[in-house]
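The values are calculated or read from the model by the stated rules, or taken from the named source; none is laboratory data. Remember, it's a predicted structure, so these values are computed and weren't measured experimentally. As a convention, Cβ positions derive from the backbone with ideal geometry for all residues, glycine included, and neighbour counts pool all protein chains shown.
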Amino acid sequence: MRLNFAKLVVFLVMPFVSAVQVRADVISTTIPTGLQPTAIAVDSITNMIYVVNDSSYTVTVINGATNSTSTVNVGTRPGAIAVNPATDMIYVANSGSNTVTVINGANNATTTVNVGSKPGAVAVNPITNMIYVANAGSGNVTVINGTNNSTTTVIAGTGPDALAVNPATNTIYVANSGTNNVTVINGVTNSTTSVAAGTNPDAIAVNPVTNMIYVTNYNGGVTVINGATDSTISVIAGANPWSDVVNPVTNTIYVTNHGGNVTVIRGGTDSTMTVSAGLVPEAIALNSITNKIYVANYEGGSITVINGANNSISTLSVGSTPYAVAVNSVTDMIYVANEGSNNVTVISGSPTAVRPEEPQFRSPALDFKGTIAIYSLNGRELLKTAFSGTAAKESILNQDKKALATGVYKYRVFNDRTIMDEGSFMIK
């Protein structure tokens, strides 16, 4: 794991103060790529962006600081990508050559790993350093050990074409579009169980905080799986749901529907509302720090930006047939892969945001005894420290930083059980 404890930067304070003045998203620049960019992933620690070019069999690597690019050759018909930010390794599934190209983020050197037939999805567990590849043609999942690239094969259903990992429980969920079910893989033993889903499950997302899993069924709404019991309920979505994303901070789920809108599901109650989008919304990504959701409208040549606080929307024009979108929540930059125009549109999420250099407390004196807790972004408590009075600020800036890796964290200040203040910070 890459550690750098030289600097602690608080870059966002959440509900109780206006330290971040969120402005409208604006187009920053457009960057050429290879032919037909159809997938994109971000390493928020290195600030590098990886764009899969389906027809040129390459990955365009974008330096997020300079927007300069380099090109890495991969296998035939690359179509899916995932990043392990803990190891700085990138995994590209090549459906035409039945391989995964492993890219070393430090020098762009590559290694090829053989997998099953027609690999179409890939996901990483950064805690265990295991990589999971769904092979649609052979009905199985290839498990790659990130330490030595050795592999194991796990049987799934027919047509597995989407998967997601819950790193908190070390459980993997595989959507099988041909058998209308989800294969649940125990990450420790690779043993499996099967859970019924709707018709043609085609995407899957996990809330690691609540241990709930959301499966979009192209012809059958959303199946919600309770990760503790594997029990399910069905939630009605719009016409032809295509992809989904979970905000674990707000416990809200967003589902794109090809019919032209987004279904918003409130976790816990599973109540829904509908938000308008553009023509054929497909890919979706979110910034859990700013609580903004970005929807790529494939036939509309646009991005719909949803404000998660009130579900208001705005629209930005991008390139032709935007197919994929990814967010760097640390820099608040959004990257849109435009399949038809062979480029990436770069959007600045908060171009004039004021980012304080230390926590801004709702109650400056903090003249009470309490505790400060630090959490990972998925809600797992990492540290807790007691304080008395104004020592709270020093506690946040100095407490056990050497126990934290480079990354983004949340904190909360408690007076007994009452949350007095909360925010987020970054170590880089």
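Taking the criterion of being of a type in the set (Gly, Ala, Ser), touching a residue at least 24 places away in the same chain (Cβ under 8 Å) and farther than 26 Å from residue 127 by Cβ, the residues of the range 63-78 that qualify are 70, 75. May I ask you to say which residue of 350, 317 is polar (S, T, N, Q) and surrounded by fewer than 20 Cβ atoms within 10 Å (Cβ to Cβ)? Result of the check over 350, 317: 317. Determine whether the range 296-304 contains at least one residue that is over 21 Å from residue 218 (Cα atoms), touching a strand residue (DSSP E or B) at 6+ places or on another chain (Cβ under 9 Å), among the aliphatic types (A, V, I, L, M) and crowded, with 20+ Cβ neighbours inside 10 Å. Yes, there is a match, as at least one residue in the range 296-304 is over 21 Å from residue 218 (Cα atoms), touching a strand residue (DSSP E or B) at 6+ places or on another chain (Cβ under 9 Å), among the aliphatic types (A, V, I, L, M) and crowded, with 20+ Cβ neighbours inside 10 Å. Exactly one residue among 162, 121 is outside any loop (DSSP other than H, G, I, E, B) and closer than 17 Å to residue 224 by Cα, and that residue is 162.
Within the range 204-219, the only residue that satisfies the criterion of being touching a residue at least 24 places away in the same chain (Cβ under 8 Å), surrounded by fewer than 22 Cβ atoms within 10 Å (Cβ to Cβ) and more than 17 Å from the chain's Cα centre (by Cα) is 218.
Considering (1) among the charged types (D, E, K, R); (2) modelled with pLDDT of 95 or more; (3) not assigned by TED's automatic domain parsing to the domain that holds residue 144, the lone condition that residue 2 does not fulfil carries the number (2). Considering only the range 124-158, how many residues are under 23 Å from the mean Cα position of the chain (by Cα) and in a loop (DSSP other than H, G, I, E, B)? Final tally of qualifying residues: 7. When the range 176-203 is limited to residues that are in contact with a strand residue (DSSP E or B) (Cβ under 7 Å, 6 or more places away or on another chain), β-branched (Val, Ile, Thr) and closer than 14 Å to residue 159 by Cα, the one that is surrounded by the fewest Cβ atoms within 10 Å (Cβ to Cβ) turns out to be 199.
When the residues of the range 177-215 are filtered to those that are of a type in the set (Gly, Ala, Ser) and either outside any loop (DSSP other than H, G, I, E, B) or not assigned by TED's automatic domain parsing to the domain that holds residue 131 (or both), the one that is farthest from residue 143 (Cα to Cα) is 196.
Among the residues of the range 99-118, those that are part of a loop (DSSP other than H, G, I, E, B) and either in contact (Cβ under 8 Å) with a residue 24 or more places away in the chain or not assigned by TED's automatic domain parsing to the domain that holds residue 174 (or both) comprise 105, 108, 115, 116. Which one is surrounded by the most Cβ atoms within 10 Å (Cβ to Cβ), of the residues in the range 135-150 that are closer than 17 Å to residue 90 by Cβ and in contact with a strand residue (DSSP E or B) (Cβ under 7 Å, 6 or more places away or on another chain)? The extreme case among them is 142.
Conditions (1) crowded, with 20+ Cβ neighbours inside 10 Å; (2) among the polar types (S, T, N, Q); (3) closer than 23 Å to residue 176 by Cβ, marked per residue:
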position: 38; (1), (2), (3): yes, yes, yes
position: 50; (1), (2), (3): yes, no, no
position: 76; (1), (2), (3): no, yes, no
position: 80; (1), (2), (3): yes, no, yes
position: 86; (1), (2), (3): no, no, no
position: 90; (1), (2), (3): yes, no, no
position: 95; (1), (2), (3): yes, yes, yes
position: 111; (1), (2), (3): no, yes, no
position: 116; (1), (2), (3): yes, no, yes
